[in-house]
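All remarks here apply to the structure that follows.
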Amino acid sequence: MKRFLLVMGLILSSLLTSCIPHKDIVYLQNKDMAADTLQMMVEQQKPYRVQINDILNIRVKSIDQKSVSILNPIGEGNLNATSSERAYFDGFTVDVHGNIRIPSLGQINVLGFSTEEIEKMIETKLLDEQFKETANIFVTVKLAGLRYSANGEVGSPGTQVLFQERVNIFQAIANVGEIPVTGDRKDVMIIRQYPQGQQIHHLDLTDIHVMNSPYYYIQPNDMIYVKPLKQKTWGTGVTGRESLATIVSVLGLITTTIVLITR
């Protein structure tokens, strides 16, 4: 009898501990400060530096718009194309050497520069080589969408393109269907591209201080990976109700086995 009670106790303990705690699924918890002393989060985002394989959307305006028409993509080649497809065909892709090739201007190295710096670079080159100050040249350079991928424990794994200047990790995840209960919110991995290669960064989305992280805002070509919790592989249930159902099933099986053996 004692052995039976011991086995039952071990089974019940393992099943109860398989439930996912509430604190593991709540975002932005204030873990180390009193609620009334919560400080304002300071943004850590720095200007994005263009990298290889980025696509730039460049537009040039002037008093005489016809004089700069060759610099602006037509954008009407395929009226059925999506915004991301047009950006791919009309944009300027940064090659493996960090260059883009612009009509009448030739190759310009943009690797490691911000979009604001590239605007000034192109404007200066146009004024030096083709136009006068009276032409009132105005150059705008933007990333042709913020493309990223999300895999693992998310609602809809895959690649997304968002046409926004800034996207934080919560917005990025919301656009791929949220993290289910079985996803590890405490260790979300950001695989980021750098000129020297890839690096992996870790974010704890349950901690409010994640907003102070330099990786809080995603960058083009980021890969987001959400690991599954151990409870998913155990198969014992991730909620109290599921665990209770498992306990009842196990107890029923054990009782039936004992009855059959003792007969």
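The values are calculated or read from the model by the stated rules, or taken from the named source; none is laboratory data. Remember, it's a predicted structure, so these values are computed and weren't measured experimentally. Here Cβ is always computed from backbone atoms with ideal geometry, including for glycine, and neighbour counts include all displayed protein chains.
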Check: Does at least one position in the stretch 104-127 carry a residue that is hydrophobic (A, V, I, L, M, F, W, C), assigned to a strand (DSSP E or B) and either under 26 Å from the mean Cα position of the chain (by Cα) or surrounded by fewer than 13 Cβ atoms within 10 Å (Cβ to Cβ) (or both)?
Finding: no
Check: How many residues does the stretch 201-217 contain that are aliphatic (A, V, I, L, M) and assigned to a loop (DSSP other than H, G, I, E, B)?
Finding: 1
Next item on the list: Filter the stretch 135-160 for residues that are exposed (fewer than 14 other Cβ atoms within 10 Å of the Cβ), without any contact (Cβ under 8 Å) to a residue 24 or more places away in the chain and outside any loop (DSSP other than H, G, I, E, B) and give the result.
Entry: Gly158, Thr159
Note to self: Suppose we keep only residues that are within 21 Å of His22 (Cα to Cα) and among the hydroxyl-bearing types (Ser, Thr, Tyr) within the stretch 161-208. Which one would you say is surrounded by the most Cβ atoms within 10 Å (Cβ to Cβ)?
What the structure shows: Thr206
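To keep it simple, each residue is scored yes or no on (1) at pLDDT 95 or above; (2) under 19 Å from Val68 (Cβ atoms).
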site: Ala87; (1), (2): no, no
site: Gly91; (1), (2): no, yes
site: Asn99; (1), (2): yes, no
site: Leu105; (1), (2): no, yes
site: Gly112; (1), (2): no, no
site: Glu119; (1), (2): yes, yes
site: Leu127; (1), (2): no, yes
site: Phe131; (1), (2): no, yes
site: Asn136; (1), (2): no, yes
